[in-house]
Amino acid sequence: MHRPFAALTLALSLVFAAACGEEGEAAAPIPELAVAEVATRFEAGELVAVDANSAETRAERGVIPGARLLTSSGTFDPAAELPADPATELVFYCANDHCRASDGAAERAREAGYANVSVMRAGIAGWVEAGHEVAHPDQG
């Protein structure tokens with residue numbers, strides 16, 4: 001009777017171990033920043049904005065002027081596309097609060113050694129809604 005319980009316990013412990021880091025702790029969630037905080041800190045030069053949108057979304061909605069534009073939210077090369085200093089504070093954004101490309105890109109940066117990463121959940125839609133300017137990169 002106790003054998004199924006033991007098997008279940010073992011299976012759950014393996015799943016937990018696979019989902020956790022080497023120390024047995026789950027990775028901390030990516031912090032979120034509000035548009036107003038991103039705007040203030042970006043303008044002060046305290047963080048780097050990183051656009052995780054597709055070229056189509058950028059053409060349609062624009063980008064934060066001066067943001068770094070990733071080649072892909074899931075397969076970009078952190079060494080080539082992010083600042084050289086892994087202590088640089090990065091805030092990733094995508095289309096809107098329903099999009100999760102920024103989460104994947106931020107996690108990829110964290111895995112590459114960037115410790116100060118966050119996401120602007122509202123995305124470029126929230127940036128525009130708040131009245132901030134956008135740039136329209138040449139897609140050509």
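Bear in mind that the values in this text are calculations on the coordinates, not laboratory data. Just so it is clear, the structure is predicted and the values come from calculations on it, not from any experiment. For neighbour counting, all protein chains shown are included, and Cβ atoms are generated from backbone atoms with ideal geometry for every residue, glycine included.
Numerical summary
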quantity: Burial ordering of 64, 124, fewest other beta-carbon atoms within 10 Å first; calculated: 64, 124
quantity: Cα convex hull of the range 29-129 - mean projected area over all directions, nm²; calculated: 5.6
quantity: From phi via Karplus (6.51, -1.76, 1.60), per-residue ³J(HN,Hα) for the range 65-79 in Hz, x at Gly/Pro; calculated: x, x, 6, 7, 9, 6, 6, 6, 5, x, 10, 4, 9, x, 5
quantity: Inter-probe distance in nm under a simple model that places probes 7 Å from Cα toward Cβ, at residue 81 and residue 133; calculated: 2.6
quantity: Segments 66-75, 79-88, 92-101 sorted - mean Cβ within 10 Å per residue, highest first; calculated: 92-101, 66-75, 79-88
quantity: Under the Karplus curve 6.51 cos²θ - 1.76 cosθ + 1.60, θ = phi - 60°, whole-Hz ³J(HN,Hα) for the range 82-87, x wherever Gly or Pro sits; calculated: 10, x, 5, 7, x, 8
quantity: In Hz, Karplus ³J(HN,Hα) per residue of the range 122-135 (6.51, -1.76, 1.60; θ = phi - 60°; x = Gly, Pro); calculated: 5, x, 5, 4, x, 4, 5, 4, 7, x, 7, 6, 10, 10
